[in-house]
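Structure record follows, encoded as structure tokens.
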Amino acid sequence: GAGVSQSPSNKVTEKGKDVELRCDPISGHTALYWYRQSLGQGLEFLIYFQGNSAPDKSGLPSDRFSAERTGGSVSTLTIQRTQQEDSAVYLCASSLTAGTPRNEQFFGPGTRLTVL
Amino acid sequence: DAKTTQPNSMESNEEEPVHLPCNHSTISGTDYIHWYRQLPSQGPEYVIHGLTSNVNNRMASLAIAEDRKSSTLILHRATLRDAAVYYCILRDPRYRGGGADGLTFGKGTHLIIQP
């Protein structure tokens, strides 16, 4: 079946512009996760959704970052007034449900964001 | 969260077994041990997980020490496609519904496979 998909695969933007990154989880997966991976850095967890609800937004790097999920499916990660330090690969993952440590997470290919 | 320690890199030859170690001396009794790997230019992929007993699946085996303070991911016959960064991650079931449900990736072990 189809895996997690993300769009766009690559995004180049100018400093100060807003960007929107999209994630389509695996059908039937109620939990959705956003991570980012900066050059030379490890994978950093940002936020997760159980259904349409995000219980904890403290992992978002700043108030320029926001995320939403509608219909328990597609999610968008929005970065306002982008800065050069936002350049990274943004990864989305989904799993059957959250809060169950046995469940594996399935990752998408990522969106490579470059802020000039 | 309990922390894991892995070697920065390891090298092995193709078609030979590979044993990737992970130390987690502060693991709690309820932490699950998960392994993910990230191939070049791809998102991470799940490999295997376990709690107390050794586990096998089509990709690998997971050997867990009796005191659970360490574990070893075993690739029985490495191929060039197994060259990746391997991450050992602990997941705590007590953090239901909290931000800790996200995976905490360390630096992992960069596995190099020689043909």
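Since every read-out is calculated from the coordinates, none of them should be taken as a lab result. This is a predicted model, so every value here is computed, not measured. Quick reminder, even Gly has a Cβ in these numbers, built from the backbone with ideal geometry, and neighbours come from all protein chains shown.
Listing for the model above:
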| quantity | calculated |
| --- | --- |
| Within straight-line cross-link reach of B:Lys69, lysines at Cα separation under 25 Å, skipping those fewer than 8 residues along the same chain | B:Lys3, B:Lys107 |
| Ranked list, fewest to most other Cβ atoms within 10 Å of each Cβ, for B:Trp35, A:Trp34 | B:Trp35, A:Trp34 |
| q = 0.09, 0.10 Å⁻¹: log10 I(q)/I(0) that the Debye formula gives for the protein assembly as shown, counting C-alpha atoms only | -0.38, -0.46 |
| Likely footprinting exposure, A:Ser27, A:Ser75, fewest C-beta neighbours within 10 Å first | A:Ser27, A:Ser75 |
| Proximal aspartates and glutamates to A:Lys57, defined as alpha-carbon separation beneath 13 angstrom and excluding residues fewer than eight positions away on the same chain | A:Glu68, B:Asp101 |
| Chain A, Cα convex hull volume normalised per residue, Å³ | 97 Å³ |
| Partner aspartates and glutamates for A:Lys15 [C-alpha distance under 17 Å; skip if fewer than 8 residues away on the same chain] | A:Asp63, A:Glu85, A:Asp86 |
